[in-house]
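**Student:** Here's a structure for you.
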Amino acid sequence: MSDILVPAMGESITEGTISKWLVKEGDSVGQGDVLLELETDKVNLEISAEEAGVVQKILRQEGETVSIGEALGLIESGGSGNTGGAGAEEAAATKAPEAPPVATTPATAVAEKAAPPIPSNSNGGNQTASPSARKLARERGIDLEQVQGKDPLGRVFQGDVKTHTNSAEFARATSTAPASSATNKPAAPSPSQTEYSKPVERQRMSRRRATIAKRLVEAQQTAAMLTTFNEVDMTAILDVRKRRKDKFKEKHDVGLGFMSFFTKAVVGALKQFPTVNAEINGDDIVLKKYYDIGIAVSAKEGLVVPVVRDADRLGFAEIEKSIAELAGKARSNSLSLADLQGGTFTITNGGIFGSLLSTPILNTPQVGILGMHKIQLRPIAIDEERMENRPMMYIALSYDHRIIDGSEAVRFLVTVKELLEDPESLLLEG
């Protein structure tokens, strides 16, 4: 018998949420077969079987939050199990009866409360509890020996403590509730129970979306964030792309997009203004001597920021290939933690969705983020007498005013503008 355990997922990730089980109890699995998908704050992980056998028990269900090292299920080595379809149903029908579910009626809940606790093993339940279960029990003042787990080996997990708490609260409520009468008034509904007069659909926020929301709020609360704006005449870049895109595609097997120009321009400006390529660590400013540029990508489950490593050492084709590869991983949900960690500055392009102007939020602990926007023809004064329609783009730099002065931020953005309007300079400065 072996446990299906939550693996270590990186130094910054301590727990995850079970998004989907791909097997059922009684299924036969081979070594390396994917058993379930685990959603974390940054990426989704697949947990595979470490040995061949039969899935004897699933201990944690979809939607539950689990910690590193926690057991999710049990696999019995060897033997034969279900292969799906009718066979799976027959095996389920012949299985030994399981323990009754947690009480869901007032009568059984009260009876369960009054009944003496059944120890899960000779050592006592509190000696076989997971760390997360111990922590939750301490916070709620619960004696773990009173908690009856579902694990056949007698172990107690976080979900068991939650179930015990809910059952106890329900039992207290039903035992102390007064008899119903015409004078009783219904309690005011909580916000989560509010009834809407028109049709709505309630969706649980995904773990990644909740993390994005938390980090964005933290960025606004912890950084002295300010945004400065400028505009870029994209005529020269559009001319280069028009003349070179076919040969570039033929030679490098990748398209010549705008992002490589902006990445090169950002690197050139960061070299001139190193504080924008820094972060705050306590009372220290950490100036980074490398240029790992994060490129914001919109994926199905939310925005992710994979990182192009050592962008200052890459040519246009290498940057375009890196961005295309990372964007493909993001959209197929196959990014690894290494793809997302360690960026020094971020570029985000709202222009691909039609945004004309916006104020990007910092990707902490970074202190700068550049926002690109839609290219739009606008009349521009060439001199005192001439006007021309030029392809113009607004650009925005959000920065942490704690270490970046306003004049430095403005000059950084002007440098980006000048490099973009003279693409040949990118070969020298970027």
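What follows is calculated from the coordinates using simple rules that are stated; it is not laboratory data. Since this is a predicted model, take the numbers as computed values, not measurements. All Cβ positions, glycine included, derive from the backbone under ideal geometry; neighbour counts span all protein chains shown.
**Student:** For the pair residue 411/residue 289, report the inter-label distance in nm, with labels modelled 7 Å from Cα in the Cβ direction.
**Tutor:** In this crude label model, residue 411 to residue 289 measures out at 2.3 nm.
**Student:** While we're here: Take the alpha carbon atoms of segment 315-372, find their center, do the same for segment 234-308, and report the distance between the two centers in whole angstrom.
**Tutor:** 8
**Student:** Suppose each label sits 7 Å from its Cα in the direction of the beta carbon; what would the residue 195-residue 220 distance come out to in nanometres?
**Tutor:** 3.4
**Student:** Using the Cα gyration tensor of segment 209-429, with a ≥ b ≥ c the square roots of its eigenvalues, what is the shape: rounded (a/c below 1.5), prolate (a/b larger than b/c) or oblate (neither)?
**Tutor:** Oblate shape, in that a/c is at least 1.5 and b/c is the bigger or equal ratio.
**Student:** While we're looking at this one, here's another question. With θ set to phi - 60°, apply the Karplus curve 6.51 cos²θ - 1.76 cosθ + 1.60 along segment 320-336 and write out the HN-Hα couplings as whole Hz, x wherever there is a Gly or Pro.
**Tutor:** After applying 6.51 cos²θ - 1.76 cosθ + 1.60, I find 4, 5, 4, 5, 4, 5, 5, 5, x, 5, 4, 6, 9, 6, 10, 5, 9 Hz.
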